[in-house]
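To start, the structure itself, in structure tokens.
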Amino acid sequence: MFDIQSYMKAGSVDEAVALLAAHPNARLVAGGTDVLIRLRHGSRDFTRLVDIHGLAELRFISLDPLQNIRIGSGTVFTDLAQSDLILRHLPVLADAAGSVGGPQIRNMATIGGNICNGAPSADSAPALFALNALLELKSNRGFRQVPVADFYLGPSVVDLKPGEVLVSIIIPREAYQGYAGHYYKYAMRKAMDIATIGCAVSLKTSGNRLADYRIAYGVAGPTPLRCPSAEKTAVNQMISDTLVSKIAAAVEDDVSPRTSWRATREFRLHIISELARKVTRTALDRVRKE
Amino acid sequence: MSGLQLKEIELYVNGTPCKRVVDVRKTLLELLREDLGLTGTKYGCGAGECGACSVLVDDVLVDACIYLAVWAHGKKIRTIEGEAKKGRLSPVQQAYVTEGAIQCGFCTPGFVMATTAFVQQHAGQTVTDDTIRKAHAGNLCRCTGYQHILRAVKKSMQFPDE
Amino acid sequence: MATGESIIRHDAVAKVTGRAEYTQDLYKSRMLVAKYLRSTIAHGRVTDIDVSAARSLPGVAAVFTFKDVPRQPFATAGHPMSLDSSHRDVADRRLLTGDIRFMGDEIAVVVAEDELIAGNALKQIRVTCTPFPVLIHPVDILDPNARQIHEGSANRVGEHGWRFGADIESAMDHADHVVEDSFETAMVQHCHLENHVVFAYMDDLDRIVIVTSTQIPHIVRRIVGEALDFPLSRIKVIKPYIGGGFGNKQDVIFEPMAAFLTLHLNGRPVAIHMTREEEMIGTRVRHPFHIRVKTGVMKDGTLAARDVDAIAVTGAYASHGHSVAAAGGGKIGCLYPHTPTRYHAQTLYANLPAAGAMRAYGSPQIMYALECATEDAARAITMDSVEFRLKNIVRQGDIDPLSQKTIHTCGLAECLIRGRDMIGWQSKKKKYAAYKTGPVRRGLGVACFSYASGTYPVCVEIASVRLSLNQDGTVHIMAGATEIGQGSDTVIAQMAAHTLGISHEHVRVIQAQDTDVTPFDTGAYASRQAYVSSNAVFRASVRLKEHILNHAARMTGMHSDLLDIEADHIVASDTRTPVLDLKTLALDTCYHKTRGGQLTAEISHKTTTSAPVFGCTFADIEVDIPLCKITLRQIVNVHDSGIILNPVQARGQVHGGVAMGIGATLSEEFLIDSGTGRVFNGNLLDYKFPTFMDTPPVDADFIETREPSSGYGNKALGEPPVISPPPAIRNALLDATGVPVNRLPITPEVLFKAFTTHGLIRPGRTGHV
């Protein structure tokens, strides 16, 4: 049993918004894989719950008329990992989704929860950073959109305002069409683990050049982050081993990993750099295959 | 609002409809084990780390220890108790027995449910060992080193669920 | 022939259907739950405790603190009692303590209607402590000014040493090479899937019933009696199905508390369920060891001398105390009996979770250091790792230099040769020569071990069985041997069926144990059950068979010498033709008005041998240097465990042990804050035991020798598979990269540091060779 003090089931997003407005201390629960664990560990922040578990309204993967990909926040990772649309257009996100926890967790955990809990290790975050994803939030004040990179404010702090529900994640057409990508989770086990470092690359080539290049990390700083200097090093350059090495060196200027009981800063820095190499190469291989 | 909150739910458990008034604080695992007396589903960690409590909810494999009982409303739950029918083991259960995939047996119900879901999803497909490993990576076993379980899953694939 | 066949486990169907009832599946009405208040510091003394608010919470039945429990300390180790009082286990536990010795120590206990109420009550208890400096590292623990974690102990639980063979100092002096290094092993945990769970109640005014997940029901009974000063015969211990133990349940940790609580709550049922997080730190762990090994070696490949010095850390409580370090070192002589060897070991207290028994009991630590050192010695003279071992290892007929007993069966050389073929040693050695540079490298490693089949002569080895012929001609066995998942019930049935001439389907071992009726045995540990039970089962089966044939003689008028049992029938021993079926005979024994009576046979047998067992691991690995990752390409374990009673089950044991060994090699360890003694990763997400995806294909094979001291030629197998994978993998890493990593586990971070030190990774602006 969890020490739940109050439980309110929302039958729709509008109901959830109304319940959150009426109960400012209440928090959302969706997949439960994070909130219920926090409750189990005695957290007092989640004893009042507004339940959006399994809301069909939030569980979708679709292409809108402008060819933007829209993902409902209640979409579970198994859906993402197996979706033809995601596999075809957003392989970087499919990789990330498939690397989360184990099968049971992927069947339960939602991408919205993964983002809203603010964890720097969230597997979906580097992929969404590398895809320039937009988050669409709803409250009783209406909708707002925010780039995923702006949503993360600090360690475990996100820009989810009181009363807001993350409704969908939007990958704009221009952010993915013509791009190849890859996400690699570096962890101590091949499943059921938290990333030591997660690395996502999304890139576009033009002839022998990198027309665009985005690289993002999880656990490389207080929040998931992009690497502007590495990206600047890469864009419009000839693709070569030397370039890959330059990128691998440049990412070190963009990250600020810390030492924790899980890993030292030095080790994380090393892996960050090696993953830049590895993930970029795999993404380039994917371009060649297409 | 505070204090004891109860909610009436209706669900199917192993094909049988059932109605229960549940404490909203309860997990599906507690509902099964304590309210319905279905103790075949095990408690191993309470945090979704070991898979001993795996059950199928509308044919989807979940950890019942981090699944609220109220979420089972309107759902079809399959637990280990429903797998053997008319005194006969399911093909998956039979494969675990035949291949010697069972030692202490504590992870076994969860594993059998994971394989049951896997066989349903991959019926008729050729699957690699790595696909099997990945699909069972949420179930920990400390006794078998997974080797005979791998054989049992492969054998299960030869006999699709009736 | 029931032995030697891969029959299906007798409990397989019960388990695969979820019908097998474990302790957590049993329930008593009005059962209360108890939860411990655990310390939040690792070393200190409680100066004040206020439980009044907790006691007054609705739904709280009782709160007890360290002030409310019996004062006399007791020992928890699940050992047979030693009649020699100087060999008794260290009695350093009370039910609760005000002297805090590790983070998580049990200060008070709340008994309540449910876990939520108990948990909320715990939060209401106010504790004031005086903290002391936390002692974790041997150098601090042994500082003469360090506080004594247990008063009067000097922070030492035990110390001993021995030597055998020629003069070691002079042999070292004359050796062509001397290699010396230090090795460290980590604190790891058993992680059986079923946590510790116990409940107790009184079924009379003066009788306590304890239902518990234990490996040692009869020992639990004795120790609860000692802890509570309560008559043993009024304690009944029931062991349902057990979800694994690996040694962690060879310790009497929570049963005395459960019994104490029901005794003080008017016999009401009280349950203690560990959460996984409590299980990790509040039960037992494997002793971390610090081991220095010095090896002298001659150019011709002879191991000239060995000097081993070990420090074992037992943590907050002695539990199995110094026995683990003693037992681990004690196996060296059986592996390299021709090499003069000195062994010295001491076991220290520390402000850490308590270490106790864990699969292979000290051997994984000692054999790891020994077999790493053996590899380094072989490399010092550039001799092939397998040939070097073949030149120095034990052979059949050798004398164990420590026990002075002859080793009657030993197939270790054959294991090495078989394993070498299975892994493709020669061809891969050539092929992998091309993988010694660049970012991805490959290597091969080997390591051997020896182990024992029980604890004799250190402890008594007693096994008891009671066989009875049922009315339908089938046989039921009550065995003292404790089934915890390892399969002892199945092989005991196979043994009896074999001797009786009855099909194994018609022989069944009663699964649940109850100390009121289960024959005496000290329980499941030391890989002993099948070995020590074998002679008891054999003798009881012979006796029951005699009874059956005597009754058949009375029924048929034929002489019993002319009769035999085959395929569930009484047959004529010469023609093998059936003369009577067993069911008819059984009905006659029960229901004939004058002749016969229920046929039973009971034997309690003390084994005064402990047959050594042997084996080896071969590892084929790939090392990604920039990513600091080891991939296990192939692992082969070959064992000499005597005659294999059930090949599929035996392979399952090997697979499980190897997987546990792989975890200990690559990923498993308690990560501990050296400042506070806090375990950071006490759960199954952060404690990395291998998932399905982390476990490579494991090949298991056996060299079958026929052990004469065993009823069926079998020797121990349960624990040994865990021993040799760590050194084999470490040696393969050395082969692949030239980098010796002398600590476990070899995590990516450890590899990063080692590769950096050895210049394979350049720090800072990264690159690799």
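The values are calculated or read from the model by the stated rules, or taken from the named source; none is laboratory data. Since we're looking at a predicted model, the values are computed, not measured. Note that each Cβ is placed from the backbone with ideal geometry, even for glycine, and that neighbours are counted across all protein chains shown.
Based on this model, can you work out whether A:Val76 counts as surrounded by 21 or more Cβ atoms within 10 Å (Cβ to Cβ), at the interface with chain B (Cβ under 10 Å from one of its Cβ atoms), more than 18 Å from B:Thr27 (Cβ to Cβ) and at pLDDT 95 or above? Step through it out loud before you land on a result.
Details: surrounded by 21 or more Cβ atoms within 10 Å (Cβ to Cβ): yes; at the interface with chain B (Cβ under 10 Å from one of its Cβ atoms): yes; more than 18 Å from B:Thr27 (Cβ to Cβ): yes; at pLDDT 95 or above: yes.
So A:Val76 passes the test.
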Scope the range C:724-755; condition under 23 Å from A:Arg189 (Cβ atoms), of a type in the set (A, V, I, L, M) and touching a residue at least 60 places away in the same chain (Cβ under 8 Å); matching residues: C:Ala728, C:Ile729, C:Ala732, C:Leu733, C:Ala736, C:Leu744, C:Ile746, C:Leu751
Residue tally, condition under 21 Å from C:Ala325 (Cα atoms) and buried (at least 16 other Cβ atoms within 10 Å of the Cβ), over the range C:125-153: 7
Count - residues of the range A:7-20 that are more than 14 Å from every other protein chain (Cβ to nearest Cβ) and surrounded by fewer than 15 Cβ atoms within 10 Å (Cβ to Cβ): 2
Selection count where residues are surrounded by fewer than 16 Cβ atoms within 10 Å (Cβ to Cβ) and either polar (S, T, N, Q) or over 44 Å from the mean Cα position of the chain (by Cα) (or both), scope the range C:580-603: 7
Qualifying residue in the range A:218-235 (condition: touching a Leu at 6+ places or on another chain (Cβ under 8 Å), outside any helix (DSSP H, G or I) and among the charged types (D, E, K, R)): no
Test: residue in the range B:71-80 that is at the interface with chain C (Cβ under 9 Å from one of its Cβ atoms), on the phi < 0 side of the Ramachandran plot and either surrounded by fewer than 24 Cβ atoms within 10 Å (Cβ to Cβ) or in a loop (DSSP other than H, G, I, E, B) (or both): yes
Count of residues meeting criterion [surrounded by fewer than 19 Cβ atoms within 10 Å (Cβ to Cβ) and either within 14 Å of chain B (Cβ to nearest Cβ) or under 29 Å from C:Arg379 (Cβ atoms) (or both)] in the range C:184-209: 1
Flag if A:Ile4 is surrounded by 18 or more Cβ atoms within 10 Å (Cβ to Cβ) and touching a residue at least 24 places away in the same chain (Cβ under 8 Å): yes
Options B:Thr27, B:Thr41; residue that is at the interface with chain C (Cβ under 10 Å from one of its Cβ atoms), on the phi < 0 side of the Ramachandran plot and surrounded by 21 or more Cβ atoms within 10 Å (Cβ to Cβ): B:Thr41
Some residue of the range B:94-116 being modelled with pLDDT of 95 or more, on the phi > 0 side of the Ramachandran plot and surrounded by fewer than 24 Cβ atoms within 10 Å (Cβ to Cβ): no
Pairs where the first residue, in the range C:1-15, is free of Cβ contacts under 8 Å to residues at least 24 places away in the same chain and within 12 Å of chain B (Cβ to nearest Cβ) and the second is among the hydrophobic types (A, V, I, L, M, F, W, C) and buried (at least 22 other Cβ atoms within 10 Å of the Cβ), C-beta under 8 Å, 6+ apart: C:Ala12/B:Ile102
Which numbered condition C:Ala728 fails, given (1) within 29 Å of C:Gln189 (Cβ to Cβ); (2) within 14 Å of chain A (Cβ to nearest Cβ): (2)
Residue count for the range A:177-212, restricted to those that are among the hydroxyl-bearing types (Ser, Thr, Tyr) and within 29 Å of A:Thr33 (Cα to Cα): 5
Neighbours by Cβ (under 9 Å, 6+ apart or cross-chain): first from the range C:618-638, over 27 Å from C:Leu416 (Cα atoms) and basic (Lys, Arg); second part of a strand (DSSP E or B) and at pLDDT 95 or above: C:Lys629/A:Tyr186; C:Lys629/C:Glu622; C:Lys629/C:Val623
Sole exception among (1) within 14 Å of another protein chain (Cβ to nearest Cβ); (2) on the phi > 0 side of the Ramachandran plot; (3) of a type outside the set (D, E, K, R); (4) within 25 Å of the chain's Cα centre (by Cα) for C:Gly713, by number: (1)
Selection status of C:Ile729, closer than 29 Å to A:Gly101 by Cα and either surrounded by 24 or more Cβ atoms within 10 Å (Cβ to Cβ) or among the hydrophobic types (A, V, I, L, M, F, W, C) (or both): yes
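Among what's in the range C:332-379 and is among the hydroxyl-bearing types (Ser, Thr, Tyr) and within 22 Å of C:Asn742 (Cα to Cα), pick the residue that is surrounded by the fewest Cβ atoms within 10 Å (Cβ to Cβ). So that I can check it myself, show each step before the final result.
Step one: of the range C:332-379, the residues among the hydroxyl-bearing types (Ser, Thr, Tyr) are C:336, C:339, C:341, C:343, C:347, C:349, C:361, C:363, C:368, C:374.
Okay, now just the ones that are also within 22 Å of C:Asn742 (Cα to Cα), so C:336, C:341, C:343, C:347, C:361, C:363, C:368, C:374.
Numbers: C:Tyr336: 22, C:Thr341: 26, C:Tyr343: 24, C:Thr347: 28, C:Tyr361: 29, C:Ser363: 27, C:Tyr368: 31, C:Thr374: 30.
The residue in question is C:Tyr336.
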Qualifying residues in the range B:84-93 (those that are within 8 Å of chain C (Cβ to nearest Cβ) and surrounded by fewer than 24 Cβ atoms within 10 Å (Cβ to Cβ)) - the one nearest to B:Gln147 (Cα to Cα): B:Leu89
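Look through B:Gly145, B:Gly138, B:Gly105 and report the one residue that is touching a strand residue (DSSP E or B) at 6+ places or on another chain (Cβ under 8 Å) and in contact (Cβ under 8 Å) with a residue 60 or more places away in the chain.
Details: B:Gly145 fails: in contact (Cβ under 8 Å) with a residue 60 or more places away in the chain; B:Gly105 fails: in contact (Cβ under 8 Å) with a residue 60 or more places away in the chain.
Checking each option against the conditions leaves just B:Gly138.
Given the residues B:Asp23, B:Asp58, which is the only one that is of a type in the set (D, E, K, R), more than 23 Å from A:Leu19 (Cβ to Cβ) and either modelled with pLDDT of 95 or more or within 14 Å of the chain's Cα centre (by Cα) (or both)? Don't jump to the end; show me each part of the working.
Details: B:Asp23 fails: more than 23 Å from A:Leu19 (Cβ to Cβ).
Going through B:Asp23, B:Asp58 in turn, the sole match is B:Asp58.
Looking at A:Arg59, A:Arg48, which one is surrounded by fewer than 21 Cβ atoms within 10 Å (Cβ to Cβ) and more than 9 Å from every other protein chain (Cβ to nearest Cβ)?
Working: A:Arg48 fails: more than 9 Å from every other protein chain (Cβ to nearest Cβ).
Going through A:Arg59, A:Arg48 in turn, just one is surrounded by fewer than 21 Cβ atoms within 10 Å (Cβ to Cβ) and more than 9 Å from every other protein chain (Cβ to nearest Cβ): A:Arg59.
Scan the range C:688-698 for residues that are facing another protein chain (nearest Cβ under 9 Å) and surrounded by fewer than 23 Cβ atoms within 10 Å (Cβ to Cβ) and report the count.
So in the range C:688-698, the residues facing another protein chain (nearest Cβ under 9 Å) come out as C:688-695, C:697-698.
Restricting the remaining residues to those that are surrounded by fewer than 23 Cβ atoms within 10 Å (Cβ to Cβ) gives C:688, C:693, C:697.
Total satisfying the criteria: 3.
Show me the helices (runs of 4 or more DSSP H) entirely contained within the range A:90-208 in which 3 or more residues are surrounded by 24 or more Cβ atoms within 10 Å (Cβ to Cβ). Let's see the steps before the verdict.
Details: elements: A:91-98, A:103-108, A:111-116, A:124-130, A:148-151, A:173-176.
Answer list for the range A:90-208: A:91-98, A:103-108, A:111-116, A:124-130.
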Test: residue in the range C:171-183 that is crowded, with 24+ Cβ neighbours inside 10 Å, within 24 Å of C:Leu352 (Cβ to Cβ) and not hydrophobic (A, V, I, L, M, F, W, C): no
Options C:Lys67, C:Lys35: the member that is surrounded by fewer than 15 Cβ atoms within 10 Å (Cβ to Cβ), modelled with pLDDT of 95 or more, closer than 28 Å to C:Ala259 by Cβ and not small (Gly, Ala, Ser): C:Lys67
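In the range A:137-147, what residues are under 22 Å from A:Phe60 (Cβ atoms) and free of Cβ contacts under 8 Å to residues at least 60 places away in the same chain? Lay out the reasoning, then the answer.
From the range A:137-147, those under 22 Å from A:Phe60 (Cβ atoms) are A:137-139, A:142-147; that's our starting set.
Listed by number, the residues that qualify are A:Leu137, A:Gly142, A:Phe143, A:Arg144, A:Gln145, A:Val146, A:Pro147.
Might you let me know whether the range C:443-460 holds any residue that is on the phi < 0 side of the Ramachandran plot and without any contact (Cβ under 8 Å) to a residue 40 or more places away in the chain? I'd like the intermediate steps shown before the answer.
Quick first cut of the range C:443-460, residues on the phi < 0 side of the Ramachandran plot only: C:443-453, C:455-460.
Pick out the ones that are also without any contact (Cβ under 8 Å) to a residue 40 or more places away in the chain and you get none.
No, the range C:443-460 contains no residue that is on the phi < 0 side of the Ramachandran plot and without any contact (Cβ under 8 Å) to a residue 40 or more places away in the chain.
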